[in-house]
Amino acid sequence: MRRHGLADSPDAVGLNGHACWGFDDVADLQTAAAAFLAEGAGLGQRLMFVGGPDAEAMVRETNPMRSLVQDGTLDIAPFDAIYPGGRRMANADQLAMYAGATDQALADGFTGLRVLAEVTDLASPDGAWQGQVGWESFADRYMATRPLAALCCFDRRRLPAEAMAGLACAHPVADRRLQHLAPFRVYSQPDALALAGEVDAFSSTQLSDLLELTIPDSEGEVVLDLEGLDFIDHSGVRAVAEHERRMRERGVTLTLRGESGLFRRLSDLLGAET
Amino acid sequence: MTLDSEHDSFIHEAFFYNDDQEFFDRTVPFIEDGVAAGDAVLVVLDRRRIDSLRSMSSGYENVQFQDMAEVGLNPGRIISAWTSFVAANLTEGRRMRGIGEPIWNGRSDAEILECQRHEALLNVAFESTPGFTLMCPYDRSALDEQVLALAGRTHPTTVEDGRRSLLSRDYEGTDVNPFTGNLPEPSGAVEEFVLAGMSLDRVRRLVADHAAAAGLDGQRASEFVVAVNEAVTNTVRHADGIGVLRLWREGDSVVCDVVDHGWIHDPLAGRLPVSTSETAGRGLWLIHQLCDLVQIRSSETSTMVRMHMYP
């Protein structure tokens, strides 16, 4: 089972963990980064950093990152090499790059690859965060079955709440301090998309928007696993039903799995309503 | 056949019976005449009565039966059931007959009070529905005189001792406010919370903890949480989030009040399935569907939604 939920520290996300962190200042980023890298080192993953200049300076200058860089344990990838021109490549190309690096890590005797990423710049221009959410969700599908872990760090001071919320909801693990922005999470399991957490009248629109950004490129069948839902109200059930309808129009069959008795009850009641 | 509301107006009749004989002497011909005329017939009674009726005739294939203990345990749900029945038949131009006995011996005082408000609201809900006749049996041998007397106020016509139906002198018409009056103060240990500034997820946890401590089973506890969540969502949406939440137990039941300064105007709010974007009404409708008894009191100054969940 893949790790998911809100976390106080990204120190136990597993080989294919994917966490979203919203930092307030460099010291805050440093604490999260150290915990995340320590877990990866313990698991035998290759460690890699990619990020903006302030974050890179932090990694180069403060321990334990500094000594990890010095002894060659932590690679610093030039931001421009990973994100040419400061932008993401097309999702498939971007993923091919990370998948290649993961395969290389395995070939070199590591248990996988672990990426510490500070990518506020990719999400901060107007509207860019939606593209970033789409990418996170796309990459998460790959990560569900491969030993690639990532801590995606965003400077909360530089992003609107709406963007921070969308990004946090698109990761299986999120910074607990973002709970008010990200009461639920949509992420990938090996054979399904999963919705976990809580959805109510004040987050159901956010859920609709996020599901729209996770629509797969190809036709076929998608399973939506609801096992991890702690609460959903009628507006959330409706958002899921609407998503199912939109997917069907695009030739994708959405099948629900692990829904609670309450979810079915609310579905039945809403069906009776129209 | 076409129906028009002027000549085929809604008939809502209270029928007082003294024993089983009188009950069946009137209900059986009512059903059979309906079947013979090709009317749609829905009978909502307790399980024992349904079994008796079914054993009396084999000609009931086209008669629908529903258990009043399920449909109408919470009287606030019953109009929804009749609305579905009407919606399914009205477009075909069929006449409709119904039998519904919402008040039975053993109902609590609070339930009877809500049943009376429900009976009054039926006149509002189906005022302009043509071709619908609804008969409401009242058990004279078991119900209080006061309850029987009130039936005259909520039904335009009544039938006594198996005779012809008579216009009810006490009938109060369709200018109904089901939200008047005050509910009794809770007794015993009451947990009270100020809602302003409290997040919905915290409200849900409080209610879930209370329901679990009271021993409500998992599914019913989660339905109770959804109901309270809907009430508080309305407080946030329509009363600036300012209100009070009260939780307590009555016997083995759990009860929750949500009080705010909103004002519900529509007498049928929560009674009808809502398919429009009127979200407050949908919330109240769901609360009625999920809880075992719902009591709503509303005035210019405040609204109280009291939700009961039985063990």
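Where a number appears in this text, it was derived from the coordinates with a stated rule and is not lab data. Predicted model only: the values in this text are computed from it and were never measured. Virtual Cβ from ideal backbone geometry, glycine too; neighbours counted across all protein chains shown.
Summing Lys and Arg as +1 and Asp and Glu as -1 over all other residues whose Cβ lies under 15 Å from the Cβ of A:R46 gives a net charge of -3. Rg and Dmax over the alpha-carbon atoms of segment A:228-274 stand at 11.0, 30 Å. Helix A:128-143 sits at what angle to the longest principal axis of chain A, using alpha carbons and giving 0 to 90 degrees rounded to 10? That works out to roughly 90 degrees. Hey, if you drop one equal point scatterer on each alpha-carbon of segment A:43-140 and run the Debye formula without solvent, what base-10 log of I(q)/I(0) do you get at q = 0.12, 0.21, 0.24 Å⁻¹? Summing over Cα pairs of segment A:43-140 leads to -0.41, -1.16, -1.34. Here segment A:5-178 is treated with +1 on each Lys and Arg Cβ and -1 on each Asp and Glu Cβ, and its dipole about the Cα centre works out to around 280 debye.
Taking a Cβ cut-off of under 14 Å around A:R88, the surrounding Lys, Arg, Asp and Glu residues balance to a net charge of -3, with basic ones at +1 and acidic ones at -1. Note on segment A:192-273: with charges restricted to the Cβ of Lys and Arg (+1) and Asp and Glu (-1), its dipole about the Cα centre is near 200 debye. Relative to the 2.2 N^0.38 Å rule of thumb, segment A:192-273 has a C-alpha radius of gyration ratio of 1.02. For the protein assembly as shown, the normalised intensity computed at q = 0.07, 0.10, 0.11 Å⁻¹ comes to -0.56, -0.89, -1.00 (log10 of I(q)/I(0), Debye sum over alpha carbons, equal scatterers, no solvent). Taking the Cα centre of the protein assembly as shown as origin and assigning +1 to Lys and Arg Cβ atoms and -1 to Asp and Glu Cβ atoms, the resulting dipole is close to 780 debye. The equivalent ellipsoid that matches the C-alpha gyration tensor of chain A spans semi-axes of 33, 19, 17 angstrom, in descending order.
Rg ratio for segment B:190-309: its Cα radius of gyration over 2.2 N^0.38 Å, N being its residue count, equals 0.98.
Taking amide hydrogens as placed 1.01 Å from N in the peptide plane, the amide H of A:L74 sits under 5 Å from those of A:V69, each at least 5 positions away in sequence or on another chain.
Remark: spin-label model distance A:T255-B:N18 equals 6.5 nm, labels positioned 7 Å along the Cα→Cβ axis.
Computed from the C-beta positions of A:T62 and A:N91, the FRET efficiency with R₀ = 45 Å rounds to 0.85. Simple spin-label estimate for B:R237 and B:R202 gives 2.3 nm between the two label positions (7 Å along the Cα-to-Cβ direction from each Cα). For segment B:37-128, the spread of Cα positions along the three principal axes, ordered from largest to smallest, is 38, 34, 16 Å. Taken along the Cα-to-beta-carbon direction at a fixed 7 Å, the label points for A:D103 and A:T145 span 1.5 nm. Applied to segment B:28-38, the Karplus parametrisation 6.51 cos²θ - 1.76 cosθ + 1.60 on θ = phi - 60° returns per-residue 3J(HN,Hα) values of 5, x, 4, 5, 5, 4, x, 4, 4, 7, x Hz, with x for Gly and Pro. With neighbour counts taken as other beta-carbon atoms within 10 Å, the residues B:Y138, B:Y310 rank, fewest first, as B:Y310, B:Y138. Among residues other than B:S302 with Cβ under 14 Å from its Cβ, the summed charge is -1 (Lys and Arg +1, Asp and Glu -1). Size estimate for chain B follows the Kirkwood approach: the inverse of mean 1/r over distinct Cα pairs works out to 20.6 Å. Look at B:T27, A:T120 and count the other Cβ atoms within 10 Å of each Cβ; fewest to most, that gives B:T27, A:T120. With unit charges on the beta carbon (Lys/Arg positive, Asp/Glu negative), name the residue among A:P147, A:H180, A:S137 whose Cα is farthest towards the positive pole of the charge dipole of segment A:135-189. Towards the positive end, the residue furthest out is A:H180.
Remark: relative contact order (segment A:116-183) = 37 percent; criterion is Cα-Cα distance under 8 angstrom and separation of 6 or more residues. Averaging the sequence gap over all C-alpha pairs within less than 8 Å and six or more residues apart, then dividing by the number of residues, gives chain B a relative contact order of 20 percent.
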